[in-house]
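Novice: Sharing a structure, written as structure tokens. Questions coming.
Derivation of every value follows stated rules applied to the coordinates shown; laboratory data play no part. Here the structure is a predicted model, which means the values were calculated and not measured. All Cβ positions, even for glycine, are placed from backbone atoms using ideal geometry, and neighbour counts span all protein chains on display.
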Amino acid sequence: MSFQMSVEVERKFLCNADTLKTLEEIGAVCVGQQQIHDQYFDTPQFDLTLRNMWLRKRKGCWELKCPPAAVSGTEEKGGEQSGAAAMCTCYKEITSLPEIQLRVTEVIRNLCENRDTETGFSYQDESWLSKMNLVCFAEFTTVRQSFNLEEEGVKIDLDQADFGYHVGEVEMVIPEGGDVQAALERIDRTAGKLGLTGDQRVEGKMSVYLKKNHPEHYTKLLSVHVL
Ligand code: V4E
């Protein structure tokens, strides 16, 4: 069975007192505000996140984010990145629960061959979590204001997390196999319009959350260059 997947290309940025004004000046249109509650899951040994796999439940739906196998110019770690790609992340987003269970099972089964990790659980049945030894390791709520910049076809989110971190992101979601380079260029042009400077990637919410709440987990992820 094959599933339609999408790829999210994004650049995070730090918000300041002028961000809202700048968005208005460049013609970004506010398309709404929402509250998002996220729960992230992993084994107690961090088998998923150490492989840069992020399993979460958001608004009752399961999502798995992982690096695309090989997307030219966007290698997450180790690849020679330059220009726009160096400031961005690129993740495949999987939202089909059977596909998520399959991917997670592949990792867990390789680690523990005797474990019963059959897929085929219904959406309501969450026993697959305990069967795969998955527990919630991070839980937080974000207030998100979203904007569209039509001339670039990008979305801009301003996130205020309940643990005190305020971060923005310029993002484009494209179909798997779509033109990542074109997305990077649109994001880079948008960053220019927003006056974003700096050549260091800005931390995501998870990085700040783990540093504060689970420093041991944070240090392990840093050591394998996932964060
Ligand atoms: C991919 C990832 C994580 C999952 C959460 O991704 P993120 O885009 O940070 O969260 P959010 O709430 O904005 O998701 P969206 O609504 O856009 O789907 S947690 C850590 N990572 C890896 C990662 C990384 N290595 N570097 C940066 C800058 N971000 C994320």
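Novice: Using 0.36 nm per residue of separation minus the Cα-Cα distance, give me the extension gain between residue 130 and residue 203 in nm, one decimal. The partial results should precede the final answer.
Specialist: On the way: separation 73, 0.36 × 73 = 26.28 nm, distance 3.06 nm.
So the extension gain works out to 23.2 nm.
Novice: Which entries of 12/193; 92/212; 59/131; 57/205; 21/155 have Cα-Cα distances beyond 18 Å here?
Specialist: On the way: 12/193 14 Å; 92/212 27 Å; 59/131 23 Å; 57/205 16 Å; 21/155 16 Å.
Among 12/193; 92/212; 59/131; 57/205; 21/155, the Cα-Cα distance tops 18 Å for 92/212; 59/131.
Novice: Multiply the residue gap between residue 166 and residue 18 by 0.36 nm, knock off their C-alpha separation, and tell me the result in nm, one decimal place. Don't jump to the answer; show the numbers that get you there.
Specialist: Numbers: separation 148, 0.36 × 148 = 53.28 nm, distance 1.34 nm.
Here the segment from residue 166 to residue 18 would lengthen by 51.9 nm.
Novice: Here's a follow-up. Among 160, 145, 34, which one shows the highest mean-square fluctuation when the chain is modelled as a Gaussian network with alpha-carbon springs under 10 Å?
Specialist: Between 160, 145, 34, it is 34 that shows the largest mean-square fluctuation.
Novice: How much length is gained if the chain between residue 25 and residue 106 is pulled fully straight, taking 0.36 nm per residue apart and subtracting their Cα-Cα distance, in nm to one decimal?
Specialist: Numbers: separation 81, 0.36 × 81 = 29.16 nm, distance 4.77 nm.
The span from residue 25 to residue 106 would gain 24.4 nm if fully extended.
Novice: Output ³J(HN,Hα) for region 216-225: one whole-Hz value per residue in order, computed from phi by the Karplus curve 6.51 cos²θ - 1.76 cosθ + 1.60 with θ = phi - 60°, and x for Gly and Pro.
Specialist: 5, 4, 4, 4, 5, 5, 5, 5, 9, 6
Novice: Label-point separation (nm) for residue 181 and residue 150, each offset 7 Å from Cα along Cα-to-Cβ?
Specialist: 2.9 nm
Novice: Tell me, what ³J(HN,Hα) does each residue in region 149-157 have, in order and in whole Hz, if you take phi through Karplus 6.51 cos²θ - 1.76 cosθ + 1.60 with θ = phi - 60° and put x for Gly and Pro?
Specialist: Per-residue couplings from phi come out as 10, 4, 5, 10, x, 10, 10, 10, 10 Hz.
Novice: What is the set of long-range amide H partners of residue 137 at a cut-off below 5 Å, with H atoms built 1.01 Å from backbone N?
Specialist: 40, 41, 42
Novice: For the chain, what does the alpha-carbon gyration tensor say about shape, rounded, prolate or oblate, given a ≥ b ≥ c as the root eigenvalues, a/c under 1.5 as rounded, and a/b over b/c as prolate?
Specialist: The shape class here is prolate.
Novice: Further question: Please list 3J(HN,Hα) in residue order for region 97-107, calculated via the Karplus relation 6.51 cos²θ - 1.76 cosθ + 1.60 where θ = phi - 60°; whole Hz, with x for glycine and proline.
Specialist: 4, x, 5, 4, 4, 5, 4, 5, 4, 4, 5
Novice: Also: Tell me, which longest segment in the chain has none of the GluC sites (Glu not before Pro) that fall in DSSP loops with at most 11 further Cβ atoms within 10 Å? Display every interim value, and only then the final one.
Specialist: On the way: sites that count: 80, 113, 118, 150.
Answer from the scan: 1-79.
Novice: Further question: For Cα pairs less than 8 Å apart in space and 6+ apart in sequence, what is the mean separation divided by the residue count of the chain, i.e. the relative contact order in percent?
Specialist: Numbers: 381 pairs, mean separation 70.5, N = 227.
Here the relative contact order equals 31 percent.
Novice: Now for a different question. GNM, the chain, Cα, under 10 Å: largest mean-square fluctuation among 41, 137, 13?
Specialist: 137
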